Amino acid sequence: MEIVLSGIRPTGQLHLGNYYGALRNFVRIQDKYECYYFIADLHSLTTHPHPDDFHANVKNILAEYLAAGLDPEKSALYIQSDVPEVSELYVLLNMLAYKGELERTAAFKDKVRHNPENVNAGLLTYPVLMASDILIQRANWVPVGKDQDQHLEMSRVFAKRFNNFYGVEVFPEPHAMDFGGGSLKVPGLDGNGKMGKSEGNGIYLADDEKTITKKVMRAVTDSGPTVPNSPKPVVIENLFTLLKLVSTPDTVEFFDEKWNDCSIRYGDLKKQLAADICKVTLPIRERIIEISQDNDYLAKVVKSGCERARANASKTLEAARKAVGFRKF
Ligand code: ADP
Ligand code: TRP
């Protein structure tokens, strides 16, 4: 069976971008692949989270993973730092990763621009750690959003480089898992491109109805169409993109027609959008609250996930160590 792997950093609550760009896809493919889903807590250290918040953030994402439908019976759900094989492979791969290529990574350049006071080596080698996550499980497919395409490309580069350098076939090349229509980008409703934590424009899975409605009603719009069948400006297209994700095709068509004959009322569109977002997220929110309270269950889930992840990872690490030349005395 082919292997799927993905991870999300525990840097806050999950929003609709994470859900539609990543998590929902994780859930949908659980029956068809051997799946490894983890919480990338080591990666989150690159931005120096406070130790007091660290565990709560990890626990939070774990509850959100489970609430959204990840099934620990089907998939291995684990915490990255519980699998030391990942860190050992990271050391090995670092010897084959070059400063120049790491400095050219778009995400790195972005972080340097935004946080010039914390350009640590972990940040520079972020793609190497991500490659280790993927390669240690010999994953074939990695479901992630479009913003991760470059990191994934680097994982392929490191896999090939290791294999060529040592003349082995230890790592298969991982590929982005395409769910049709290319990688999806969930927009924010503030006119600022994608929905994201750092963008501060998230609609969160754990938001209550009132909060969601308030956020949607505040969405940026324009003064409305005046010419029939005109193209939609970006902020309006964004509303429709979200509507397509959460509503029925009939509803989308209804508002599309209203746009085309210039009779659209943005207030109505937003009310419908808020209601349909709630329909998706409120049941998840309820489960998040319920699961978060069950510490015994959460402990059981990560223990068995870690065992499964380590069992597979240790085989890969053994092959990598052998390729590098480590031998027993
Ligand atoms: P954030 O951008 O809020 O910091 P992360 O970078 O932690 O979110 O993303 C976790 C996962 O969710 C990644 O696979 C990423 O590609 C996906 N993702 C995040 N935001 C979006 C979005 N707006 N549209 C599509 N996918 C997204
Ligand atoms: N870099 C990813 C993100 O920011 C998180 C991540 C870490 C990941 N390791 C991974 C995703 C391995 C897929 C596979 O979203």
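Every read-out reported here was derived from the displayed coordinates using simple, explicitly stated rules and does not represent laboratory data. No experiment lies behind these values; they were computed from the predicted model shown. All Cβ positions, even for glycine, are placed from backbone atoms using ideal geometry, and neighbour counts span all protein chains on display.
Within region 1-30, residues that are in contact (Cβ under 8 Å) with a residue 60 or more places away in the chain and over 22 Å from Val83 (Cα atoms) have Cβ atoms under 6 Å from residues that are near ligand 1 (Cβ under 8 Å from one of its atoms) and of a type in the set (Val, Ile, Thr) in these pairs: Leu16/Val186; Gly17/Val186; Tyr20/Val186; Gly21/Val186, counting only partners at least 6 apart in sequence or on another chain. Scanning region 9-43 for residues that are within 12 Å of ligand 2 (Cβ to nearest atom) and assigned to a helix (DSSP H, G or I) yields Gly17, Asn18, Gly21, Ala22, Leu23, Asn25, Phe26, Asp41, Leu42, His43. Tell me whether region 148-163 contains one or more residues that are under 30 Å from Leu135 (Cβ atoms), surrounded by 13 or more Cβ atoms within 10 Å (Cβ to Cβ), out of contact with any Asp or Glu (no Cβ under 7 Å at 6 or more places or on another chain) and among the small types (Gly, Ala, Ser). Looking through region 148-163, at least one residue is under 30 Å from Leu135 (Cβ atoms), surrounded by 13 or more Cβ atoms within 10 Å (Cβ to Cβ), out of contact with any Asp or Glu (no Cβ under 7 Å at 6 or more places or on another chain) and among the small types (Gly, Ala, Ser). Determine if region 22-43 includes at least one residue that is away from ligand 1 (no atom under 12 Å from the Cβ), in contact with a helix residue (DSSP H, G or I) (Cβ under 8 Å, 6 or more places away or on another chain) and over 20 Å from Gln148 (Cβ atoms). The answer is no; no qualifying residue exists.
This table checks each residue for (1) part of a helix (DSSP H, G or I); (2) buried (at least 16 other Cβ atoms within 10 Å of the Cβ); (3) within 14 Å of ligand 1 (Cβ to nearest atom).
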site: Gly7; (1), (2), (3): no, yes, yes
site: Val58; (1), (2), (3): yes, yes, yes
site: Glu64; (1), (2), (3): yes, yes, yes
site: Val86; (1), (2), (3): yes, yes, no
site: Asp110; (1), (2), (3): yes, no, yes
